[in-house]
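Where a number appears in this text, it was derived from the coordinates with a stated rule and is not lab data. Keep in mind it's a predicted model, so treat the numbers as computed, not measured. Positions of Cβ are backbone-derived with ideal geometry, glycine not excepted, and every protein chain shown enters the neighbour counts.
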Amino acid sequence: MKTGIIVGTNELSRLTYAAMTAVIVSSMGDEVKVFLTMDAVKAFTKNPEVKEEDISSKTMREKNEEDYVSLFKKAKKSGTRIYACSYATKLFNYKGITSFNMEIEGGQIVSVW
């Protein structure tokens, strides 16, 4: 099965949820494609911009929980592919980020905003 995860936020708790979903689904042998759009793109740059406004994000930071970057790295080891929205990369003047090619035909979509 194919699963597409669309992430449109740079809130720590939601990035972590998306990353955990990618790890779990890819570890079960499913094909996972992650599409980063709008503010989510900001969390995947050399100097990431990540919000910690909700209580879950603050608690995760206080407890030093595993971060979304290391979780996405685990997911990538299981074959997860991560793409960035070309519009968002242009909007925020980011260079060299791959554009997304929707490859989820016949699969399911998980949207995290």
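Some points to look at:
- In terms of the mean number of neighbouring beta-carbon atoms within 10 Å, the peptides 3-9, 83-89 order highest first as 3-9, 83-89.
- Its Kirkwood hydrodynamic radius, worked out from the mean inverse distance over all distinct Cα pairs, puts the stretch 2-112 at 14.0 Å.
- The number of Lys pairs in the chain with C-alpha atoms less than 20 Å apart, excluding pairs fewer than 8 positions apart on the same chain, is 22.
- Relative exposure of 80, 59, judged by other C-beta atoms within 10 Å (fewest first): 59, 80
- Net lengthening on full extension, residue 47/residue 110 (0.36 nm per residue, minus Cα-Cα): 20.0 nm
- The charge dipole of the chain, taken about its Cα centre with unit charges on the Cβ of Lys, Arg, Asp and Glu (plus for the first two, minus for the last two), comes to roughly 400 debye.
- Taking every DSSP helix (H) stretch of at least 4 residues in the chain, weighting each as -39,500 (n - 2.57) and dividing the sum by the residue count yields a mean residue ellipticity at 222 nm of -11000 deg cm²/dmol.
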